[in-house]
Amino acid sequence: MTELSASRPLRAEPTPLTGRWATVGRIARADGSVPWMHGYTGAACAVTEPGSSVATIYVTGRDAENRSLIGRGRCDLAAPAPRLMVEPEACFGLGGLGAFDENGVSYPCLVDTGDGLRLYYTGWMPTVLTPFQNHIGLARAAVDGRFERVSRAPILPRTDADHLSMGSCFVMAEERPAGRLWHMWYTAFLGWGQGEGQPKHRYVIKYASSGDGISWDRDDVICISAVHADEHSISRPSVIRWDGNWHMWFCHRGDRYRLGYAVSGDGRRWDRVDDHMRIGPLSDWDGEEQAYPHVFEKGGRLWMLYCGNGYGRDGLGLARFEPDV
């Protein structure tokens, strides 16, 4: 992530990447043998190290009570058939009773600050008139490999513009001459369906900035919104700087989730170019739905983690970007 966030000259017109995502295969599927991943292998995030083909992957699982937890595993990207070898215990669990994350933690986004890992995550709590409420939290890596909360409260307070839930996010630290600038792209709920035939919820992806990655400034910038009549949910942004431009992958939902793609010259104003998002071949476990992408660089190549059918019920997959020649 540090390599990709380095400042580079920006082009006047952002240029989409041309190529396709070649699927490597399913690297994990919940089978009930691991308590924190009893059901589902949900949204994931990779952390890589120089000189190693092995990535540490943080994964959202669900326990036997259907509560989301975050666990960790390792995967050798250079293996002929990569597989995720998970740890038996979750590295990050539920918040206290009544807290914003009392009933689940999910959508991990790991940032290496140079003095340790930060974990940005989404907390879940049940509500009465709507199915749930989401907010964004922050934790830091502890010496025992687990994560400790920076605050028991969300790091993005509600505002008049963001008065409902705020879900999945992606955070990047950019080094500038004047100091480090933090970027966040986050899911913001616009409303809940109130009538028969209406979508359960509607949300978009917005932008925030920060000087320390903890206190955030927001001016209601909407980066990605619905462009098709049947779309109602845009979520799970994943952003990189590559070849002088900003690139975002996300998922958009009508009846099912699909992967989307956008480009930008400044990280705030985005052009949605979903026709450039090509992935395959798909199989029985990911042919119906692809969701929750996370794109990362390793060995000069781009890789993507993504979830298959049923929000990851059928497994977690890996793809490699093959640029057009």
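Within the set Gly287, Gly310, Gly260, Gly267, the sole residue that is part of a loop (DSSP other than H, G, I, E, B) and within 17 Å of the chain's Cα centre (by Cα) turns out to be Gly267.
Whenever a residue of region 298-322 is closer than 18 Å to Asp63 by Cα, its partners that are assigned to a loop (DSSP other than H, G, I, E, B) and of a type outside the set (Lys, Arg), lying with C-beta atoms within less than 6 angstrom and at least six residues away or across chains, give the pairs Asp314/Trp285; Asp314/Gly308; Gly315/Trp285; Gly315/Gly308.
Give the residue, chosen from Arg253, Arg236, that is touching a strand residue (DSSP E or B) at 6+ places or on another chain (Cβ under 8 Å), on the phi < 0 side of the Ramachandran plot and among the charged types (D, E, K, R). Result of the check over Arg253, Arg236: Arg253.
Can you tell me which residue within region 114-130, out of those that are closer than 16 Å to Met166 by Cβ and outside any strand (DSSP E or B), is modelled with the highest pLDDT? Before you say what the answer is, go through the steps one by one.
Within region 114-130, the first condition is being closer than 16 Å to Met166 by Cβ, and the residues that meet it are 120-125, 127, 130.
Those still in the list that are outside any strand (DSSP E or B) too: 127, 130.
Details: Thr127: 95, Thr130: 92.
So the residue we want is Thr127.
Listed by first and then second residue, the pairs with beta-carbon distance under 7 Å, at least 6 apart or on different chains, first residue in region 48-65 and more than 18 Å from Leu117 (Cα to Cα), second of a type in the set (D, E, K, R) and part of a strand (DSSP E or B), are Ser53/Asp76. Residue pairs whose Cβ atoms lie under 7 Å apart, separated by 6 or more positions or on different chains, with the first residue in region 107-132 and at positive phi and the second surrounded by fewer than 16 Cβ atoms within 10 Å (Cβ to Cβ) and assigned to a strand (DSSP E or B), are Gly116/Arg140. What single numbered condition from (1) more than 23 Å from Arg236 (Cβ to Cβ); (2) of a type outside the set (D, E, K, R); (3) modelled with pLDDT of 95 or more fails to hold for Ser7? Result: Ser7 passes all but (3).
Applying the set (1) at positive phi; (2) at pLDDT 95 or above to Gly244 leaves exactly one unmet item: (2). Between a first residue in region 88-99 that is closer than 19 Å to Val143 by Cβ and a second residue that is part of a loop (DSSP other than H, G, I, E, B), which pairs have beta carbons less than 7 Å apart while being 6 or more apart in sequence or on different chains? Hits for this filter: Cys91/Gly145; Cys91/Arg146; Phe92/Arg146. Take the residues in region 44-76 that are surrounded by 20 or more Cβ atoms within 10 Å (Cβ to Cβ) and of a type in the set (Lys, Arg); name whichever of them is nearest to Ala139 (Cα to Cα). Going through the qualifying residues, I end up with Arg72. Between Gly167, Gly137, the distinction of being modelled with pLDDT under 95, crowded, with 19+ Cβ neighbours inside 10 Å, under 16 Å from the mean Cα position of the chain (by Cα) and under 28 Å from Ala90 (Cβ atoms) belongs to Gly167 only.
Quick test for you: out of Arg236, Arg258, Arg241, Arg272, pick the one residue that is charged (D, E, K, R) and in contact with a Pro (Cβ under 9 Å, 6 or more places away or on another chain). Show your work before the answer.
Numbers: Arg258 fails: in contact with a Pro (Cβ under 9 Å, 6 or more places away or on another chain); Arg241 fails: in contact with a Pro (Cβ under 9 Å, 6 or more places away or on another chain); Arg272 fails: in contact with a Pro (Cβ under 9 Å, 6 or more places away or on another chain).
Answer to the check: Arg236.
Checking each residue in region 19-57 for being closer than 20 Å to Arg236 by Cβ, among the small types (Gly, Ala, Ser), touching a Lys or Arg at 6+ places or on another chain (Cβ under 9 Å) and modelled with pLDDT of 95 or more picks out Ala28, Ala30, Gly42, Ala43, Ala46, Ala55.
Taken together, Val239, Val325 contain a single residue that is assigned to a strand (DSSP E or B) and out of contact with any Cys (no Cβ under 6 Å at 6 or more places or on another chain), which is Val239.
Only residues that are surrounded by fewer than 24 Cβ atoms within 10 Å (Cβ to Cβ) and more than 12 Å from Pro154 (Cβ to Cβ) were counted across region 99-118, and they come to 11. The sole residue among Gly254, Gly211, Gly267, Gly280 that is in contact with a Ser or Thr (Cβ under 8 Å, 6 or more places away or on another chain), over 17 Å from Cys109 (Cα atoms), surrounded by fewer than 23 Cβ atoms within 10 Å (Cβ to Cβ) and touching a residue at least 24 places away in the same chain (Cβ under 8 Å) is Gly280. Checking each residue in region 18-43 for being surrounded by fewer than 21 Cβ atoms within 10 Å (Cβ to Cβ) and among the aliphatic types (A, V, I, L, M) picks out Ala22, Val24, Val34.
For the structure I just gave you, tell me whether His247 is more than 16 Å from Leu164 (Cα to Cα), part of a strand (DSSP E or B) and not acidic (Asp, Glu).
Values: more than 16 Å from Leu164 (Cα to Cα): yes; part of a strand (DSSP E or B): yes; not acidic (Asp, Glu): yes.
Judged against the criteria, His247 is a match.
Quick check, is Asp217 closer than 21 Å to Leu138 by Cβ and surrounded by fewer than 20 Cβ atoms within 10 Å (Cβ to Cβ)?
On the way: closer than 21 Å to Leu138 by Cβ: yes; surrounded by fewer than 20 Cβ atoms within 10 Å (Cβ to Cβ): yes.
Criteria met by Asp217.
Scanning region 83-110 for residues that are within 21 Å of the chain's Cα centre (by Cα) and part of a loop (DSSP other than H, G, I, E, B) gives Arg83, Leu84, Glu87, Ala90, Cys91, Gly93, Leu94, Gly95, Phe100, Asp101, Glu102, Asn103.
The values are calculated or read from the model by the stated rules, or taken from the named source; none is laboratory data. Computed from a predicted model, the values in this text were never measured in an experiment. Note that we place each Cβ from the backbone using ideal geometry, even for glycine, and neighbour counts take in every protein chain shown.
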